[in-house]
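The values are calculated or read from the model by the stated rules, or taken from the named source; none is laboratory data. Worth saying up front: this structure is predicted, and the values here are computed from it rather than measured. Cβ placement follows ideal geometry from the backbone for every residue including glycine, while neighbour counts extend to all protein chains displayed.
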Amino acid sequence: MATLPVNLYGDEILRRKAKHVESLDEKTRKFIDDMFETMRASEGVGLSANQVGSRDAIFVIDVSPLEGYEDEKPTVFINPKIVERSDETDYYEEGCLSLPGLRAEVERPTRITIEYLDEEFQPRKLTRDDFVARVVQHEYDHLRGVFFTDLLEDESRRRLKKSLNAIKRRKVDVHYEVTEPA
Ligand code: NI
């Protein structure tokens, strides 16, 4: 396994829509292992493929480092589709490996149902109404080219503009490997 450099805000791939994965070959399996390795090395709880240079519709999550979630298994979501979202929403502070140093309260549906393929390319369906639901929605957004900052009110987004530009120019402290600025 290897760690991969993480794309930061400003890198074009983070604004592009992911591509459907047609089959699970050796190369993709290895890439998924590397995604898990990169996520752990950077102390993230979720990572999408475009954050580490691939257009494949894949994200991984591992919330087991969090209190109360110790028994959760690391999970890979291939070709994910959120098929249900609750009307009820809540706010929670989010961060992102592609937006180092930046955090904000983000409103999202409380409960979601997602369909996806697992590491054996078998169809799965998952409904969650806890922190996992939030992480899943955050990573799912990445595959659509969306950052959590896009979901904020105009006023909050304006306040973050300077920080976003600093990230683009790599004028930030990061404790994991990132890509060169475009
Ligand atoms: Ni993120």
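Taking the criterion of being outside any helix (DSSP H, G or I) and modelled with pLDDT of 95 or more, the only residue of the stretch 151-167 that qualifies is Leu152.
Filter the stretch 86-110 down to residues that are among the charged types (D, E, K, R) and crowded, with 16+ Cβ neighbours inside 10 Å and give me whichever is nearest to the ligand (Cβ to nearest atom). Outline the logic, then answer.
Narrowing the stretch 86-110 to residues among the charged types (D, E, K, R): 87-88, 90, 93-94, 103, 105, 107-108.
Cutting the leftovers down to crowded, with 16+ Cβ neighbours inside 10 Å gives us 94, 108.
Working: Glu94: 8, Arg108: 13 Å.
This residue is Glu94.
Among the residues of the stretch 1-41, those identified as within 11 Å of the ligand (Cβ to nearest atom) and either closer than 18 Å to Val136 by Cα or in a loop (DSSP other than H, G, I, E, B) (or both) are Asn7, Leu8, Tyr9, Leu14, Met39.
Go through the stretch 44-60 and report how many residues are within 13 Å of the ligand (Cβ to nearest atom) and assigned to a loop (DSSP other than H, G, I, E, B). Even if it seems obvious, please write down each step before you answer.
At the first step, the residues of the stretch 44-60 found to be within 13 Å of the ligand (Cβ to nearest atom) are 44-52, 59-60.
Retained after the next criterion (residues that are assigned to a loop (DSSP other than H, G, I, E, B)): 44-45.
Of the residues in the stretch 44-60, 2 are within 13 Å of the ligand (Cβ to nearest atom) and assigned to a loop (DSSP other than H, G, I, E, B).
Kindly check whether there is at least one residue in the stretch 61-68 that is assigned to a loop (DSSP other than H, G, I, E, B), over 17 Å from the mean Cα position of the chain (by Cα) and small (Gly, Ala, Ser). Write out each step before concluding.
To start, the set of residues in the stretch 61-68 that are assigned to a loop (DSSP other than H, G, I, E, B) comprises 62-68.
Keeping just the survivors that are over 17 Å from the mean Cα position of the chain (by Cα) gives 67-68.
Narrowing the set further to residues that are small (Gly, Ala, Ser) leaves 68.
Scanning the stretch 61-68, I find at least one residue that is assigned to a loop (DSSP other than H, G, I, E, B), over 17 Å from the mean Cα position of the chain (by Cα) and small (Gly, Ala, Ser), so the answer is yes.
Within the group Val132, Val174, Val136, which residue is under 19 Å from Glu84 (Cβ atoms) and within 14 Å of the ligand (Cβ to nearest atom)? Please lay out each step first, then the result.
Details: Val132 fails: within 14 Å of the ligand (Cβ to nearest atom); Val174 fails: under 19 Å from Glu84 (Cβ atoms).
Sole residue among the options that is under 19 Å from Glu84 (Cβ atoms) and within 14 Å of the ligand (Cβ to nearest atom): Val136.
Phe148 fulfils the conditions (1) surrounded by 12 or more Cβ atoms within 10 Å (Cβ to Cβ); (2) touching a strand residue (DSSP E or B) at 6+ places or on another chain (Cβ under 7 Å); (3) farther than 23 Å from Leu14 by Cβ; (4) among the aromatic types (Phe, Trp, Tyr) except for a single criterion, (3).
Looking for something within 14 Å of the ligand (Cβ to nearest atom) and at pLDDT 95 or above - is there at least one such residue anywhere in the stretch 115-124? No: the stretch 115-124 contains no residue that is within 14 Å of the ligand (Cβ to nearest atom) and at pLDDT 95 or above.
Annotation note: of Val135, Val174, the sole residue that is buried (at least 17 other Cβ atoms within 10 Å of the Cβ) and β-branched (Val, Ile, Thr) is Val135.
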